[in-house]
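Trainee: I have a structure I would like to understand better, so I am pasting it below and will then ask my questions one at a time.
Values quoted throughout were computed directly from the atomic coordinates according to the rules given, and no laboratory measurement underlies them. Keep in mind it's a predicted model, so treat the numbers as computed, not measured. FYI the Cβ positions are ideal-geometry reconstructions off the backbone, even for glycines, and counts take in every protein chain you see.
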Amino acid sequence: MRYRRLGKTGYKVSEVGFGAWAIGGDWGPVDDDESLRALHAAADSGITFYDTADVYGDGHSERLLARFRDERGDDEIVIATKCGRRAPLEVGEYTPDNLFAWMDRSRRNLGVDRLDLVQLHCPPTDLYYHPEVFEALDEMVATSVIAAYGASVERVEEGLKAIEYEGLSSLQIVFNAFRQRPADLLLERAMAHDVGVIARVPLASGLLTGKFNADASFAEDDHRNFNREGAAFDVGETFAGVDFQTGVEAATQLEDRVPEGATLAQLALRWILMHDEVSTTIPGARTPDQARNNAAASLLGDLDEDTMEAVRWLYTERIAPQVHHRW
């Protein structure tokens, strides 16, 4: 496993992390014992960065991570959580009292006095024009409620605004071979402000694993079924906003670019990590094998220019018309 600096947090984190949304139980059945085995397999593979949120399973994901860290006894583990989705998405809800209450609940769930990193969880765009919110977060750093804070954003423009706040340490955004717009400007700007970049939805909700065909179906409670049109949250989250049929066909076109002994998912993760401005990427895993296979992407060599050009061409010709102007 290779490690990178997470912006001004100062944390040295694994370049492949662990996204803990799925193990919270929000979409599809989960087995807590299997989830814990997956977390330990990740740590055994060198993964030190774990991303969760207070709404993943209404705190269940956070509590699982607390059990895992207690069992592991590893001071190198960094757990980043998110807050703000427990209330209506209105700027007026982001009061100092509410922020403290959300973080206090996460501290209890995670069994800590101070949270490693808290990210605003895709708040309304207008929030970034309310400096009093960030002043409240600065005060929580000063009083050791949190060690650092960041923002998880939907749109590039939100990220560009967020990094203007000096106290912001990290920025999480959808970035993958099917969502390349952050590379146009945002990644460079974030690095200039010493803001760590966390690439989420790295496999486009599974499209970039190459395991789906056009007839694939998903459980009723799986976001890949109910959020394709943005019914529950932003449409850009599920399948990274790409039409399913288009995504399946595009993923197939990348298969012949997969290095020998690797998988399409590992190629997709390696593509993200070819961007030095990215601190870590957070694929999800439900099983130990998935966790180990994700971690193995860090062992791949750099992708050659022909492969990088093939990904650029595929995005420009097939994917960008659907997503580039939207996020």
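Trainee: Show me 299-307, 41-49, 124-132, 265-273 ranked by packing, highest mean number of other Cβ atoms within 10 Å first.
Mentor: In descending order of packing, they fall as 265-273, 41-49, 124-132, 299-307.
Trainee: Shifting gears a bit: With everything on Cα atoms, drop me the angle between helix 60-72 and the longest principal axis of the chain, reported from 0 to 90° to the nearest 10.
Mentor: For 60-72 against the chain, the angle is about 90 degrees.
Trainee: A further question on this structure: Seen from all sides and averaged, what is the projected area of the convex hull of the Cα atoms in the range 1-139, in nm²?
Mentor: Over every viewing direction, the Cα hull of the range 1-139 projects on average to 8.7 nm².
Trainee: Using 5 Å bins from zero, what percent of all Cα-Cα pairs in the range 116-219 falls into each bin?
Mentor: 2, 12, 22, 19, 16, 11, 8, 5, 3, 1, 0
Trainee: Provide Rg and Dmax in Å for the range 252-320, with only Cα atoms included in the calculation.
Mentor: For the range 252-320, the Cα-based Rg and Dmax read 12.4, 36 Å.
Trainee: Right, something else. Please work out the C-alpha center-to-center distance from the range 89-151 to the range 1-57 and express it in whole Å.
Mentor: One Cα centre to the other: 21 Å.
Trainee: Shape call for the range 164-311 from the C-alpha gyration tensor, a ≥ b ≥ c root eigenvalues: rounded (a/c under 1.5), prolate (a/b greater than b/c) or oblate?
Mentor: oblate
Trainee: To continue, here is another question. HN-Hα J couplings of the range 32-42 from phi, Karplus 6.51/-1.76/1.60, θ = phi - 60°, integer Hz, Gly and Pro as x?
Mentor: With the stated coefficients, the range 32-42 comes to 4, 5, 5, 4, 5, 5, 5, 5, 5, 4, 4 Hz.
Trainee: Can I ask one more? Mind pulling the angle between the C-alpha long axis of helix 131-142 and the longest principal axis of the chain? Nearest 10 degrees, somewhere in 0 to 90.
Mentor: Value to nearest ten degrees: 80.
Trainee: Taking the 0 to 90 degree range and rounding to the nearest ten, how far is the long axis of helix 305-314 tilted relative to the main principal axis of the chain, both from C-alpha atoms?
Mentor: That works out to roughly 80 degrees.
Trainee: Let me have the 222 nm mean residue ellipticity of the chain computed from DSSP H runs of 4+ only, each contributing -39500 (n - 2.57), with the sum over all residues rounded to the nearest 500.
Mentor: -10000 deg cm²/dmol
Trainee: Sticking with this structure for a sec: What would the Debye equation give as log₁₀ I(q)/I(0) for the chain at q = 0.07, 0.08, 0.10 Å⁻¹, counting only Cα atoms as equal point scatterers?
Mentor: Result of the Debye calculation: -0.25, -0.33, -0.52.
Trainee: To continue, here is another question. By per-residue mean of other Cβ atoms within 10 Å, what is the highest-first order of 240-246, 116-122, 290-296?
Mentor: 116-122, 290-296, 240-246
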